[in-house]
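Read-outs throughout are calculated quantities, based only on the coordinates presented, and are distinct from any laboratory measurement. Keep in mind that this is a model prediction, so the values were computed, not measured. Quick reminder, even Gly has a Cβ in these numbers, built from the backbone with ideal geometry, and neighbours come from all protein chains shown.
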Amino acid sequence: MNSSSLDAIFKPKSVAVIGASTKKHTIGYEIFNNILRNEFTGKAFPVNPKADVVHSMKCYKSILEIPDEVDLAIIIVARQFVPQVAEECGQKGVKGIVVISGGFKEVGEEGAKLEDEVLSIVKKYGMRMVGPNCFGVANFSPGISLDGTFSKMKSIYGKIGFISQSGALGQVIMEYARSLNTGFSMFASIGNKADISSNDLLLYWQDDPEVEIILLYLENFGTPRRFTQIARQITKKKPIICVKAGRTEQGAKAVSSHTGALSNLDVGVDALFEQCGVLRADSIEEMFDIAIAMYKKDVPKGDRIGIITNAGGPAILATDACINFGLKVPELSEKSQNYLRENLMEVAAVENPVDVIASGGPDAYRAAMTAMMEDENIDTLLVIFVPPIMIDHRAVIETIIDVNKHNGKPVYVCFMGPYDQIDGAERLFQENISVYMFPEYAAKTMARMKKYQNWLKRPEGAFPEFDVDKAKVRDILDKAASDERASLIGVEACDILDAYGVPIAGYALASTVEELESAINKVGFPVTMKINKPEILHKTDVGGVVTDIRSLDELSKVFYDMKRKFEEDGVFEVLLQDQIKGEVETVIGMTNDPSFGPLIMFGLGGIYVEVMKDVAFKIHPITDIDAREMIQSVKGYPLLTGFRGSKPVNIESLTETLLRLSQLITDFPEIDQFDVNPFFASANIENCKAVDARFILK
């Protein structure tokens, strides 16, 4: 169904609350009370077979008794009665229902069956449903003013849309937003998302002028690939900020028991968000730090931060945090420093950070801010203020506001302490200036804002298609399937790479001494010998790999040593491979996540992947931009660009190899996993080659 089908839920002209109650502190009482308290602009009908009047309004025994049309029904009844109530809503012609009631798939198999029954009724009548097991929905836009939740606090209006999979957390977040003087336009707690998911709401809000920023609290994805498609097009127009729970194994188990759905591999979540421009927040507090900055249009044009302080410690913390989050703290221009020397006390620091010292008041802050506003080396200002006893801090606040009004660079303010307890701090909120308690919070927010700015400028990228030998790979995979083999190594793995144009080191097979001599004539010295036995996946661990063989005598000795060790029932075979030395080892791989599908990996090989796990992931398929970002994102990237006099490797060869392997994954979905390890990266394209690979079939 198209997104306009959600109008009945978020823009209803009439609402029935089935289970409205006369008893205070019950959900049925609070929801109906909130609808009235928030001055809903449409008609409201309480439904309860045991009450005649609710909140001085006539109460109906059933929704079928209501004489008017009903767009939205909010259902708060025991779970066993939900199917009957949903059936009556369908008969009445209700277009949308919100099922607050719990006890469905989140509690087990019996609840899941009941949920399926309700969903079938919803589909039968062409209704849309939020829930079950949810906190409700709201639209605080002045033309609607619907609060269909059981929140204890009246929310304020703002142009933020918020989706929460957790009802209880939804309430906490709404209250927290109010404490920050931040409001929502629309809110939805989607619960078990049996019908309406976060994807539906994203589509519904993508062109709604009432929603400028979208916040998400998610515990799992329904259809991650669809989410990627939707989010990618939305984030180019409006930001999406998400807290995704279930990062740890224990957290993922908690998610499963809470919502009845398995959590996804967290690395897949990070990859997904990176590829569709969603900003991932590590906490609710961080989500609001970013949201408030976005709402106040504090998006920086660059990553160069100017820091102003009246205390040395906070300036050091701020500088460290900015650098650690990938921002820059550049030196001010000579002109700016001369201006500051003329306008600050002699003992003040005039570089960056600028320290106006503890006695610096409003005039000092004005001078420092003015210099940075005019300095071409600075993109964003971080103003730190520790309120000392002898300084009129309200005057400093008003100075910050005044300079900010008349200049174009974003200003972030850090009060070292609870800013809600500092007299006058509310003026900064009123003037749309972002305020933080500690400099690290401000630095992290600025980094996230810069990341979003980079996303807006990021080109879409392309999916190049290469001329490959599909038939050759098809024959190899079909033969493995007929032999009931799930793993492919050695020559078969090399042949797959060769068929897709992935350069590989020269190789040849040998099972006898005669074949050994023929093979070495093809490959040449120095050579590496490997046991060619598909069931041995980690050959090095069992002594199945010997490197740097340089003579026929040495070759024969290694051959017979391996033969004694690995020959079974007269079957023995080795792989001789051209040895490549002195290049940078990288690893390229793929694994299948049950929710996200194939995840492509790139990293530095050797100890970097085994010990340091210096790898990057992207969700398949990848564009040329994705491939380059993967390579650039690993911590060891400087080793590829030339380190201590070494030549930079051929990045284009690495990029093309990633893209060719992505095409292989597309063409042969029966490949479950693979490792190309190592793939040698070199300045000389002739030495950019794979040395070893293994493929695992589904």
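Length available on full extension from H55 to K405: 0.36 nm per residue minus the Cα-Cα distance, which gives 121.2 nm.
With the highest mean first, a sort of the peptides 494-501, 59-66 on other beta-carbon atoms found within 10 angstrom per residue produces 494-501, 59-66. Candidates Q337, V571, N684 compared by Cα position along the dipole of the chain: farthest toward the positive end lies Q337, with charges placed on Cβ.
For E351 and K123, the difference between the fully extended length at 0.36 nm per residue and the C-alpha to C-alpha distance is 75.5 nm.
Per the Kirkwood formula applied to alpha carbons, the stretch 444-549 shows a radius of gyration over Rh ratio, Rg over Rh, of 1.20. Label separation (I625 vs V299): 1.4 nm, computed from points 7 Å beyond Cα along the C-beta direction. Using a cut-off of 32 Å between Cα atoms, the listed pairs K50/K154; K159/K301; K618/K647; K238/K635; K24/K296; K43/K236 include K24/K296; K43/K236 as exceeding that distance. A simple spin-label model places pseudo-atoms 7 Å from Cα toward Cβ; at D478 and L697 they are separated by 1.2 nm.
With contacts taken as Cα pairs under 8 Å and at least 6 residues apart, the chain reaches a relative contact order of 8 percent. Computed over the alpha carbons of the stretch 584-697, Rg followed by Dmax gives 13.5, 44 Å. Relative to the longest principal axis of the C-alpha atoms of the chain, give the angle of the C-alpha long axis of helix 651-667, reported between 0 and 90° and rounded to the nearest 10°. The angle comes out at about 80 degrees. With R₀ fixed at 60 Å, the C-beta to C-beta distance from Y560 to D7 puts the FRET efficiency at about 0.15. For the chain, the Kirkwood hydrodynamic radius from C-alpha pairs, put into Stokes-Einstein at 4 °C and a viscosity of 1.567 mPa s, yields a diffusion coefficient of 44 µm² per second. Starting from one equal scatterer on each C-alpha and no solvent at all, send me the Debye-based log10 I(q)/I(0) for the stretch 364-443 at q = 0.12, 0.25, 0.26 Å⁻¹, two decimals. The Cα Debye sum returns log10 ratios of -0.30, -1.35, -1.44. Of the residues P387, Y452, P209, the one whose Cα sits farthest towards the positive end of the charge dipole of the chain is P209 (charges of +1 on Lys and Arg Cβ, -1 on Asp and Glu Cβ, taken about the Cα centre). Summing Cβ point charges (Lys, Arg +1; Asp, Glu -1) relative to the Cα centre of the chain gives a dipole of roughly 2120 debye. Under the convention that each Lys and Arg Cβ holds +1 and each Asp and Glu Cβ holds -1, the size of the dipole of the stretch 3-294 around its Cα centre is about 380 debye. Across the stretch 299-457, C-alpha contacts under 8 Å between residues 6 or more apart give a mean separation that, scaled by the residue count, equals a relative contact order of 30 percent. Here, the stretch 1-158 is characterised by an Rg to Rh ratio of 0.94, where Rg is the alpha-carbon radius of gyration and Rh the Kirkwood radius.
For the chain, the longest principal axis of the C-alpha atoms and the axis of helix 82-92 are separated by about 70°. The alpha-carbon of K539 sits under 19 angstrom from the alpha-carbons of these lysines, leaving out residues fewer than 8 places away in its chain: K530, K557, K563, K565.
Under the combined filter of DSSP loop state and at most 13 neighbouring Cβ atoms within 10 Å, the stretch 266-349 retains these GluC sites (Glu not before Pro): E331, E346. Dividing the summed -39500 (n - 2.57) terms of all DSSP H runs of n ≥ 4 by the residue count of the chain sets its mean residue ellipticity at 222 nm at -11500 deg cm²/dmol. Here the chain carries DSSP beta bridges of which approximately 50% are antiparallel, counting only pairs with both residues inside.
Most tightly packed first, judged by the mean number of other beta-carbon atoms within 10 Å of their residues, the peptides 546-559, 472-485 read 546-559, 472-485.
Computed extension length for D667-Q84: 205.0 nm, one decimal, from 0.36 nm per residue of separation with the Cα-Cα distance subtracted. Taking the charge dipole of the chain about its Cα centre, with +1 at Lys and Arg Cβ atoms and -1 at Asp and Glu Cβ atoms, the residue from V15, A368, M437 reaching farthest to the positive side is V15. Based on Cα atoms of the stretch 299-457, Rg over Rh with Rh as the Kirkwood radius reads 0.93.
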